[in-house]
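Readers should treat all values here as calculations from the given coordinates under stated rules, not as data from a laboratory. All figures in this text were calculated on a predicted structure; none of them were measured in a lab. Note: ideal-geometry Cβ built from the backbone for every residue, glycine included; neighbour counts use all protein chains shown.
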Amino acid sequence: MLEQLDELYNEALEKLNQAQTTAELSAWYKEMLGRKGQVYLLTRQVGQLDPAERPQAGKRINAIKQELEACYEEKLAALKTAELEAQIAASSLDVTLPGRRQWRGRLHPSTQILREIYQIWGKMGFQIFRSRDVETDEYNFELLNIPQHHPARDLWDTFHTITPGVILRTHTSPGQIHAMHAYHPEPIRVILPGMCYRYEQITARSEIQFHQVEGLAVGKHITFTDLKGTLTEFVRRMFGAERKVRFRASYFPFTEPSAEMDVECLLCQGDGCQVCKYTGWLEILGCGMVHPVVLRNGGYDPAVYSGFAFGMGPERIAMLKYGIDDIRYFWGNDLRFLEQF
Ligand code: PHE
């Protein structure tokens, strides 16, 4: 029996050395050490041996098994390395092939316009003041001189939450009050950018969410001339030095007097086209002198302080600048649109 075992061991080793591929090696493993392999078959014979011979034969067979397993592992590692090396050597690498372009994301058109706006106002001495999207009725309306049943509330259809008095802001103007509370009694020069929400039917011209950039300047001796000069300068920097502007009288409860500012149409240069509805002008923002009631609500004495405020829509500006005819593109998540910016 022991002789037979030695013979098997030698034979197994010899065959192992002959294996050239991992496939041959697994065939070898199956034949020798597998569940019905030769070593197993001999193991079964141990039971039929003379009891005196059994321990020695058993010991030997276990040793053989272990040694063969070890040899197998070693050979397997060697063959795998060799196969990998052969594979690398066989495949050619063309270093002149151009690399694959990484797909890069980009900034949303609104973000791009917002950043342009921040830069212009930044250089003109205005800081960014962030204000919350979820507001109270008090800040969004009351403190801005729009009391409960005031018809002007119809201008801003509102999203209400289930908590009474808590709403999504319909404009960035409530930020004016927050800024005044934060700055009082210092003078103020801030812009307040952010998302606004209105409960409206979505059309090509109106969305339920959009950005606004509010502006607020409060100090002593600020006049309507400052408003006109500052906003005109903004337009020059944003749309070019030759761009004409005009102010039209308007109404907002939180400014007095109030105005809307138009710029000369960007597409037809004032000649009249579809975009400007043949007027030659495009409306880009609402503005006015801060209403005395609003100044007082912000903590400033209107007898001593005055100020101006404005609110512009970056999406609207982007639409005018790039000739985008439908505001729904902005939040529609259509890459064909977004990739153009
Ligand atoms: N809040 C106004 C709107 O949403 C815009 C505005 C801001 C007008 C500041 C005047 C002053 O239409």
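For segment 144-163 and segment 285-302, write down the distance between their C-alpha centroids in whole Å. Cα centroid to Cα centroid, the span is 19 Å.
Non-local lysine pairs in segment 109-338, meaning eight or more places apart or on different chains, with alpha-carbon distances under 20 Å, amount to 6. Look at Val134, Val245, Val95 and count the other Cβ atoms within 10 Å of each Cβ; fewest to most, that gives Val95, Val134, Val245. Panel order for Val218, Val304, Val39, by other beta carbons found within 10 Å of each beta carbon, from fewest to most: Val304, Val39, Val218. By the beta carbon rule, with partners counted only under 4.7 Å, the chain holds these lone Cys residues: Cys71, Cys196, Cys287. Taking 20 Å as the straight-line reach from the Cα of Lys65, the lysines in range (excluding those fewer than 8 positions away in the same chain) are Lys15, Lys30, Lys36, Lys75. Computed from backbone phi with θ = phi - 60° and the Karplus coefficients 6.51, -1.76 and 1.60, the 3J(HN,Hα) list for segment 116-132 is 4, 4, 4, 5, 5, 5, x, 5, 8, x, 9, 8, 7, 10, 8, 9, 5 Hz; x is used for glycine and proline.
Under 17 Å between alpha carbons, and skipping anything fewer than 8 positions from Lys59 in its own chain: which lysines qualify? Cα-Cα hits under 17 Å: none found. Each residue of segment 133-144 was assigned a 3J(HN,Hα) from its phi angle through the Karplus expression (A = 6.51, B = -1.76, C = 1.60, θ = phi - 60°), giving 7, 9, 10, 9, 3, 4, 6, 6, 10, 3, 5, 9 Hz with x at Gly and Pro.
The HN-Hα couplings worked out from phi for segment 36-46 by the Karplus form 6.51 cos²θ - 1.76 cosθ + 1.60 (θ = phi - 60°) are 10, x, 5, 4, 4, 4, 5, 4, 5, 6, 3 Hz, whole numbers, x standing for Gly and Pro. Charges were assigned to the Cβ only: +1 to each Lys and Arg, -1 to each Asp and Glu. The resulting dipole of segment 2-90 about its Cα centre is roughly 420 debye.
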